[in-house]
Structures are given as structure tokens and as C-alpha cells.
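No value in this document is a laboratory result; all are computed from the given coordinates. Being a predicted model, the structure only gives us computed values, none of them experimental. Heads up, the Cβs are rebuilt from the backbone with ideal geometry, glycines too, and the neighbour counts pull from every protein chain shown.
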């Protein structure tokens, strides 16, 4: 057992020999003394010893630990591993004081203990069915209120833009326009071309049975213009841009940059969210039109190569099958999808927690919410078009 009091800690001599002593005093708390060299090459005490000491302290309800490392002459990750076990007791409300602990050790221990834990939810939580239903309903209601609050703030920001009083940098808007538009062309080209090619191939296999191969042009043209162009572009941008928005704003939340904006009197929604929503809302219809054209070219490739349909005949059949309503429907859908993707991504980023785990969770959640909303909204559009006879 150690033979000193906390007041006398500075008087202990340093030694090269590894030393670990402790004293458990219910009145003064648990005192841990580390001295000498603590490296992987030294003869160290058994790691289970620290676990046994902490368990004994927990049973005696000790709420204050004192770590004296003033006698440590050399250390590496082994010493950090021993201290991590002690510092983890802060989660149980234990107060920890340190004397002589090197700054490098403190930083490493802080980094290790700051990693967010994934909370495992047990199915046997002891709650009744009604309590669980009430908890889920309460969380759902709060989520709806959060969405309404965020959309309301965004509407206020849009109104400020209309009045010419919105405060955000024009350079940010041009950057986001480039990220949401030209930078997305390669992936949109690849996916849209493949979708048009697949539509044409599947249609050709069936239409050849009836000798109606020429109607592949109708299938691809109408399918791309009304449905697949807007939907596939939306899904691509949800995974590419929606997740990026959530990660960007989530990282700013972790770094407290959003709090700094509020301190200086800037609205985060107006300064950060508005240019992102504008950029994606502007570029999505243009990307949709581009996706329609690329998809039709994919159908042309299959028709000319597999069905021996002349290019001019395929073009004429496509022009005859399509009308302005088909294109307008796809453009309107893409605009709505763009707004939903931008709002979901920005909201998840603004509302995320303060750790790296929360940023990843926000990006994942933004993609999932965006894709689900795209599918739901596409179904609503289909019902409305059927009722209106469009």
C-alpha cells in the first residue's frame, strides 16, 4: 500500500523501475500511483489488476479517483491502455483528478474515451407494450415538429431572398451549382444510358413476339420522359449530393461553426441551407432533361444494333410518341425531388450530434429519407396524373 497523502505527492522520487501502487480510502477516494518506466519492453503488472481495483472501488461506491503519474519516466501505449480503463469510469459519475500525467497521455486517453458508443437496445427493456408505443409516437410527433420548424425557417429564408435581403455568399451558390450540375454529369450519363438500354432490351424481347419492334422507341421515350429520367436522377443525387450536404453541415456542427454563425447573428438556414437548396432545385430539371436524352440514346443503340431499326425511323417514332406534357411532368417531378433531397440532407446535417459517428449517421439517414420520399412522391404523382388524365 502507498504511504503518502495527496498533499505529499510531489515528493516522490522518479525511478526507472515500473511501480504501481494504490490505496482505497472511502473518505479520500481511490488513489493510484504510477512510477518508473511503462513501456511494452518492461515487466508490467497484470492488466486484470486494474479491473479488480476498479470493481472493488465500485462496490464501495467510491466517487473520486486520484491518479498520480509524477513518477513516470517513460511511457507508450501500454500506459495509455491502463489509464483508459480508469477514465472510462467518468461515465458512471466518478470524479477524476490527475497529478503529473503527461499531456500526450491525456490527449490519447481523451481521444479514446470520446468515441461515441453505439447503444444496444435490448428487446427486454422492462417496458410494457403501451409504454413502447407511447415512446415511438412521441418521437414520431417530435420528428414531424422538427421538419415543420425547419421548413418554416427555410420558407422565411426564401421570403428574405425574394425581398433581396437574404444573407449568403454568391460564391457559395456558384460552387454548389457546379457540384450539383456539371460535376454530376458523368454518373448521370452512365446510369441514364444503362437504364435506357435496359428498357429497350426488355421491351425488344417481348415486342419481337408480336412483330412490333418499332414501339421500343415509344417505350423508351415515354418511360424516360415521364418516370425513369426524373427518378433515377433523383436517386443518384440523393446518394451523391444529399449525403454530401448532410456530411458537410454535420461536420460544421461538430466543429461548432454553426454555433459561431448564430453568435455573429447569421441564420444557419439562410447562410448555409438556402444556397444548397437553390442550387439543387435549379440543376435537377436540367439534369433530368439530360438524363432523358441520354436514356433515349441508349434505347437507340439497342434498337439499331439488335432490331435493325434505322436511326431516322427510331427518331420519327420517338417524336410522334412524345409530347410536351411528358417532358413537363418529368421536369416538375425532378424539381420536387431536388427540393426534397436538399431539405433532407441539410436538415439531417444541421440536426446531427457532436461526434464523427453522428455525422455518418446523418449522411446515411439523409440518403434513406430522400430515396423513400422520392418513391412516395412518384406514387402520388402517378395517382394525380391518372385522376387528371395526363
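Listing for the model above:
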| read-out | value |
| --- | --- |
| Choice from 255, 74, 325 with maximal GNM fluctuation in the chain (Cα, 10 Å cutoff) | 74 |
| Efficiency of FRET from Cβ geometry, residue 214 and residue 386, R₀ 30 Å, rounded to 0.05 | 0.65 |
| Cβ-derived FRET efficiency at R0 35 Å, residue 151 paired with residue 130, nearest 0.05 | 0.65 |
| Label-point separation, residue 140 to residue 319 (7 Å along Cα→Cβ), nm | 5.3 |
| Convex hull of the range 169-228 built on C-alpha atoms - directionally averaged projected area, nm² | 4.8 |
| Per-pair calculated FRET efficiency, R0 = 22 Å: residue 175 and residue 355 via Cβ, rounded to 0.05 | 0.20 |
| Cα-based helix-to-principal-axis angle, 356-388 vs the chain, degrees rounded to 10 | 20 |
| Net lengthening on full extension, residue 17/residue 48 (0.36 nm per residue, minus Cα-Cα) | 9.1 nm |
| Approximate spin-label separation residue 378-residue 56, in nm, with each point projected 7 Å along Cα-to-Cβ | 6.5 |
| Degrees separating the helix 129-162 axis from the principal Cα axis of the chain, which is the longest one | 60 |
| Gaussian network model of the chain, springs between alpha carbon atoms under 10 Å - residue of 78, 216, 368 with greatest fluctuation | 78 |
| The chain shape via C-alpha gyration tensor axes, a/c threshold 1.5 | prolate |
| Selected from 183, 77, 303 as most flexible by GNM, with the chain as the system and alpha-carbon contacts under 10 Å | 77 |
| Order by protection proxy (mean Cβ within 10 Å, highest first), peptides 383-389, 194-200, 227-233, 265-271 | 227-233, 194-200, 265-271, 383-389 |
| Inter-site label distance for residue 159 and residue 97 at 7 Å from Cα along Cβ, in nm | 5.6 |
| Packing rank of 101-112, 273-284, 32-43, where each peptide gets the mean count of other beta carbons within 10 Å, highest leading | 273-284, 32-43, 101-112 |
| Helix-only [θ]222 nm of the chain, DSSP H runs n ≥ 4, -39500 (n - 2.57) each, per residue, nearest 500 | -21000 deg cm²/dmol |
| Prolate/oblate/rounded call for the range 254-390, Cα gyration tensor, a/c under 1.5 rounded | prolate |
